[in-house]
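In what follows, a structure is listed as structure tokens, so that the remarks can point back to it.
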């Protein structure tokens, strides 16, 4: 189930909505602030966390990941 970002054309609120599937992404979604259905799906960007210049390392990655999105040791990084 994909999460999409929307903006309300009536009140200007921005919010996220969990769609049943990608086929339902462009259907009218109700604004949680004013309950209007005049909403527009926004273009979202995909974010990835990476090591910072301050020395954060693979050990800081969540869920046993090495930072590349794979389990530690499966990408050739430190195990």
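Numbers below:
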| quantity | calculated |
| --- | --- |
| Failed condition for residue 73, given (1) in a loop (DSSP other than H, G, I, E, B); (2) at pLDDT 60 or above; (3) exposed (fewer than 12 other Cβ atoms within 10 Å of the Cβ) | (2) |
| Residue 35 at pLDDT 60 or above and at negative phi | no |
| Check on residue 40, at pLDDT 65 or above and part of a loop (DSSP other than H, G, I, E, B) | no |
| First in region 1-19 and at positive phi, second anywhere and assigned to a loop (DSSP other than H, G, I, E, B) and at pLDDT 85 or above, Cβ under 9 Å, 6 or more apart | 12/33 |
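The values are calculated or read from the model by the stated rules, or taken from the named source; none is laboratory data. Keep in mind the model is a prediction, meaning the values are calculated, not measured. When we count neighbours, we look across all protein chains shown, and the Cβ atoms used for this are built from the backbone with ideal geometry, even at glycine.
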